[in-house]
Amino acid sequence: MLANRASEARPFQIMSTDFPAEIYSAAQDKWLGNDHIVVSTLARCCSADLRGRRILDVGCGNGHLCMEYLNWGAISCVGIDCNETMIYQCEHAYSDHIQLQFRHMSSLEMEYNHEFDVAMAVFVLHFSETLNDLKESIKRIGKALKKNGKLCAFVPNGIADLNPIEDEGRKFGARVVVNDNPRYDGERLPVYFYGNRGKCDVVGNTTISFFFRETYEKVLRECGFDSIEWIDPVISDYGLEKYGAAFFHSYTHPPKDVLLKAVYRG
């Protein structure tokens with residue numbers, strides 16, 4: 001049985017805003033992982049769910065994915081982020097797009113009442129500091145969704161033998177830093193962000209909670225979700241053509257990140 005040390009003892013708290021927002025946003029534009037892993041996976045596995053729908057983007061960052069959602073046919077998107085710098089960037093970059101709205105708030109503060117068809121949470125849920133925080137975020141995401149609304153979330157692959165290596169960070173932009181000890185549920189782990197591809201320069205870092213897949217599934221069901229799917233990342237055709245499958249092999253064996261989809265039943 002996998003160990004479970006995720007704390008449920010203390011009440012939820014507003015997610016920390018101690019995040020290197022400007023560094024992250026500037027570096028992200030150069031990351032191969034953004035276009036050739038994240039966007040390609042969302043395009044293949046989620047874009048059809050977004051057409052003609054109202055989207056909530058939880059942890060929208062600098063808003064670049066909100067624009068992708070509109071390009072894929074969403075009729076509107078509300079992006080929220082607990083980092084004020086990120087929201088400032090969104091409002092200045094996309095002020096001409098009336099279908100986009102951005103709000104400075106944490107997922108733990110949301111008070112939406114079944115307004116959205118789809119909630120996107122791309123590399124967000126693992127920033128919950130505790131299991132209670134994760135539960136509260138997912139509960140509020142569910143409350144924001146209409147009945148039969150969908151959640152699509154990218155998270156680190158919650159398996160005990162996750163084995164990210166530094167080379168993946170240099171190639172794709174970010175990596176979870178682990179030691180040789182077995183992973184445990186709720187473990188707090190550092191994440192390094194890299195600058196120019198192929199170099200070892202770590203330009204920023206933060207901390208995440210490493211939750212097992214079983215924990216995500218349990219919390220989702222407790223909060224009214226079912227039809228839970230785990231989907232391996234999809235490498236873009238252009239990425240495979242330009243760099244070759246071997247370039248991505250260590251990242252995909254086993255996948256270091258996975259797409260989680262679920263349906264809210266209320």
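Of note:
- With respect to the conditions (1) in contact with a Leu (Cβ under 8 Å, 6 or more places away or on another chain); (2) among the acidic types (D, E); (3) over 26 Å from I75 (Cβ atoms); (4) outside any helix (DSSP H, G or I), D133 falls short on a single one, namely (4).
- Here C45 passes the criteria (1) more than 29 Å from T252 (Cα to Cα); (2) within 17 Å of the chain's Cα centre (by Cα); (3) not charged (D, E, K, R) except the one numbered (1).
- Some residue of the stretch 162-170 being of a type in the set (V, I, T) and surrounded by fewer than 21 Cβ atoms within 10 Å (Cβ to Cβ): yes
- Considering only residues in the stretch 70-109 that are more than 20 Å from the chain's Cα centre (by Cα) and touching a residue at least 12 places away in the same chain (Cβ under 8 Å), the one that is nearest to A48 (Cα to Cα) turns out to be G73.
- Listed conditions (1) buried (at least 16 other Cβ atoms within 10 Å of the Cβ); (2) of a type outside the set (G, A, S); (3) under 21 Å from G224 (Cβ atoms) are all met by F102, apart from (3).
This table checks each residue for (1) touching a residue at least 40 places away in the same chain (Cβ under 8 Å); (2) exposed (fewer than 14 other Cβ atoms within 10 Å of the Cβ); (3) of a type in the set (S, T, Y).
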position: I208; (1), (2), (3): yes, no, no
position: Y216; (1), (2), (3): yes, no, yes
position: L220; (1), (2), (3): yes, no, no
position: C223; (1), (2), (3): yes, no, no
position: I235; (1), (2), (3): yes, no, no
position: L240; (1), (2), (3): no, no, no
position: V263; (1), (2), (3): yes, no, no
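- On inspection, G158 passes the criterion of being crowded, with 21+ Cβ neighbours inside 10 Å and among the small types (G, A, S).
- Considering only residues in the stretch 186-235 that are of a type in the set (G, A, S) and farther than 30 Å from A144 by Cβ, the one that is modelled with the lowest pLDDT turns out to be G198.
- Residues in the stretch 110-132 include none that are out of contact with any strand residue (DSSP E or B) (no Cβ under 8 Å at 6 or more places or on another chain), under 19 Å from N71 (Cβ atoms) and either crowded, with 16+ Cβ neighbours inside 10 Å or modelled with pLDDT of 95 or more (or both).
- Annotation note: of F19, F12, the sole residue that is hydrophobic (A, V, I, L, M, F, W, C), closer than 17 Å to V122 by Cα, within 20 Å of the chain's Cα centre (by Cα) and modelled with pLDDT under 80 is F19.
The values are calculated or read from the model by the stated rules, or taken from the named source; none is laboratory data. This is a predicted model, so every value here is computed, not measured. Methodologically, a virtual Cβ is constructed for each residue, glycine included, from the backbone with ideal geometry; neighbour enumeration extends over all protein chains shown.
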